[in-house]
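Read-outs: derived from the displayed coordinates by stated rules, not from any lab. All values reported here derive from a predicted model rather than from experimental measurement. Every residue, glycine among them, receives a Cβ derived from its backbone with ideal geometry; neighbour counts consider all protein chains shown.
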Ligand code: ADP
């Protein structure tokens with residue numbers, strides 16, 4: 001594609017006729033580099049940005065980088081044009097078309113500009129509001145977050161700087177991606193100053209010959225100064241000046257005209273200012289010649305040149321042959337004899353009562369190198385027209401070929417990635433499973449490995465059991481006004497439809513290949529991959545050893561998780577196996593009790609891979625408040641992870657069984673838990689999280705259900721299922737179809753798919769709340785899932801309409817204050833786990 005543009009540019013530079021604006025506005029519609037990257041980040045700026053990931057540089061059409069678009073800091077208010085996205089094109093450009101898009105962000109973005117205005121400047125100081133030919137400034141923008149809406153700029157603009165200013169009719173969040181289309185303005189004309197065009201009354205008809213799109217200053221005595229307008233808008237007037245190419249405008253629209261009655265010297269003087277000193281060959285003036293109505297081309301043009309402060313004494317004078325036969329409008333070409341100048345002042349002498357111009361263009365030598373003296377200029381124009389045509393055709397062919405190549409390449413590449421990722425995961429499995437088989441001595445030992453290799457369509461339910469705490473976000477986010485449309489769009493733009501089915505069937509399968517693809521879709525800058533996890537996933541060796549399966553004796557079933565059952569087992573020889581690495585709280589002769597988490601019989605290949613990944617992650621985590629992985633049985637089925645046994649089960653169930661100390665508990669004889677116990681448990685969770693965050697490890701699913709309780713209110717964080725799926729975290733965002741614990745999730749995790757330590761802090765706040773309510777109710781129990789998502793939108797908008805979890809009855813003020821700080825909208829205002837831990841230690845009573 002670039003190549004075809006180069007060809008075009010080449011022809012353009014070599015061809016004088018392209019300076020003819022009429023042609024330029026038809027062919028000059030090339031993307032100027034927002035989507036193609038030719039416009040550099042440093043040349044894209046904005047009035048404000050909502051966050052680093054929605055900075056101006058993300059305002060590129062068709063780009064999904066960052067959070068998917070440029071978004072200003074605040075909601076855009078009605079009538080306000082305060083916010084803008086600015087592009088510096090570095091040189092003057094003729095801009096004929098603009099394109100806008102909203103923030104789609106793979107289906108999560110919803111913001112777009114329904115309307116916008118454009119301001120432009122040639123020098124960065126004087127800014128002009130663009131208006132259409134009827135004087136309207138507002139341009140209709142987007143109707144959804146993903147479609148590109150292209151708008152012809154009629155009239156086109158000649159500018160170096162362009163600003164897009166989103167406009168709204170009510171206060172709303174707006175994001176934009178934009179592109180400018182046109183080509184470089186090689187004429188170099190920066191402004192012309194001329195007398196104001198006049199009104200002609202012809203047989204009772206009013207013909208307005210003013211310059212209606214002039215963008216400079218207009219004063220009755222000074223005339224038009226410092227601007228460009230109809231004489232450079234690319235529209236050549238018709239033979240009959242009372243008619244126009246342009247739809248629905250007034251008679252005389254195409255022309256700027258003057259009557260000789262108003263000019264005692266019999267000429268009209270126009271001053272042309274250029275960007276730099278140029279070597280001028282010709283000037284072309286498109287004139288009307290409707291002599292039956294007393295309009296004729298000029299009879300003489302006298303042009304003066306200036307390169308420094310003074311005008312050179314010798315002008316160039318040219319007298320065209322007057323044509324009293326053919327009344328058609330025409331370009332009159334004035335040879336400027338290679339005069340050097342940065343300003344040209346031309347006096348056009350009347351040949352009749354009226355003189356009317358619709359276009360004036362200049363050709364400077366820089367672009368005419370291929371012409372030798374003596375060439376016939378009219379011939380050259382035709383010759384170069386053919387070149388443009390050929391150039392355009394070649395360009396189109398190249399574009400088509402490039403598109404076909406890209407499509408083919410993408411298909412091949414996708415297949416390669418799929419294969420590569422499958423191979424990678426197969427390798428990983430093989431490495432872990434290739435150890436010699438051993439016999440499993442307790443129940444459930446008749447698993448068939450063929451069964452576990454089976455592919456099934458219901459992979460997700462084993463990853464997220466779809467219990468009441470987990471929701472499929474896409475279905476819900478659709479309910480959120482700003483986000484609803486984009487989720488619909490997700491369905492139409494190739495993104496899979498959300499799943500309606502229940503826990504056991506239809507929960508979509510995510511394939512390794514999809515996950516790999518996502519790396520390409522999301523880019524690498526927004527979604528941090530915890531360093532340790534990357535490390536673990538890349539490492540082949542486990543930091544934990546194979547425990548002889550026959551030394552495990554089944555005692556009882558402890559619970560059921562996403563992978564399968566969790567059993568309490570006696571582990572013979574476990575103390576020796578662990579040696580000094582871990583001390584067990586048992587006397588020497590007693591058998592060690594351990595929890596054995598087993599992969600279920602019908603688990604497919606992906607589940608096995610996930611299970612092994614969780615093992616890898618857990619094997620490296622060593623902290624008093626993180627459940628310790630003691631050993632594994634991965635050399636035969638069923639795959640098992642052996643963890644320390646936490647006799648009081650998970651914190652949620654534990655607290656649900658207890659009552660706070662006080663009268664009620666006494667009355668109903670229920671087991672009690674004191675405030676200081678609650679506080680102690682919360683502090684331990686904070687400590688475990690402090691450890692994880694020090695490794696840049698994002699848990700993603702912190703909740704009381706994922707904390708285990710041992711003796712004496714010891715707490716250990718467990719369940720690294722979500723962090724295991726860190727790659728598919730992007731996947732949730734893109735496909736929006738996984739199930740997520742929305743009531744524990746930070747707003748940015750739900751709406752933007754961002755999982756960070758700061759979002760873990762948010763979840764910690766909710767876990768703290770659960771702890772101090774003794775898990776007697778679900779967070780936001782009075783809200784439906786849809787309302788939770790709506791509330792998330794309120795956190796995003798931050799207009800004080802968001803609902804916070806209330807202060808639990810037995811929760812002291814400082815603890816509630818800590819919770820609220822975890823739910824700060826801005827991630828950098830939330831405390832770190834280090835600070836949380838300190839605070840909790842500090843308010844110990
Ligand atoms: P999954 O991660 O697959 O959802 P869990 O680890 O949450 O499975 O285990 C399911 C249940 O088994 C827990 O809710 C808890 O009651 C019990 N459990 C798991 N691990 C242990 C353990 N180490 N000690 C005691 N009980 C456990």
At q = 0.14 1/Å the base-10 log of I(q)/I(0) from the Debye formula over the alpha-carbon atoms of region 257-319 is -0.54
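Can you list, largest first and rounded to whole Å, the semi-axes you get for region 622-687 by taking the square root of 5 times each eigenvalue of its Cα gyration tensor?
Working: eigenvalues 228, 49, 8 Å².
Value: 34, 16, 6 Å, ordered largest first.
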Which whole-angstrom value gives the distance between the alpha carbon centres of region 117-132 and region 211-275? 20
With N residues in region 746-845, what two-decimal value do you get for its Cα radius of gyration over 2.2 N^0.38 Å? 1.05
May I have the pair-distance distribution P(r) for region 594-704, computed from all Cα-Cα distances with 10 Å bins from 0 and rounded to whole percent? 12, 33, 31, 17, 7, 0
Residue exposure sequence - 556, 184, 111 - by fewest surrounding Cβ within 10 Å: 556, 184, 111
Quote the Stokes-Einstein diffusion coefficient, in whole µm² s⁻¹, for region 199-305, based on the Kirkwood radius over alpha carbon pairs, a temperature of 4 °C and a viscosity of 1.567 mPa s. 84
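Whole number please: convex hull volume per residue, Cα atoms of region 40-80, in Å³. Each step should come with its number before you reach the end.
Working: hull volume 3.3 nm³, N = 41.
So the per-residue hull volume is 80 Å³.
Kirkwood hydrodynamic radius for region 223-275: how many Å is it when counted over pairs of different Cα atoms? If you can, show how the numbers build up before the last one.
Numbers: mean 1/r = 0.0760 Å⁻¹.
So the Kirkwood estimate lands at 13.2 Å.
When 1/r is averaged over all different Cα pairs and the result inverted, which Kirkwood radius in Å belongs to region 82-225?
Working: mean 1/r = 0.0592 Å⁻¹.
Hydrodynamic radius (Kirkwood, Cα only) of region 82-225 equals 16.9 Å.
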Rounded if a/c is under 1.5, else prolate if a/b beats b/c, else oblate: with a ≥ b ≥ c from the C-alpha gyration tensor eigenvalues square-rooted, which is region 779-822? oblate
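Where does region 38-118 land on the Kirkwood hydrodynamic radius, alpha-carbon pairs, in angstrom?
Details: mean 1/r = 0.0748 Å⁻¹.
Hydrodynamic radius (Kirkwood, Cα only) of region 38-118 equals 13.4 Å.
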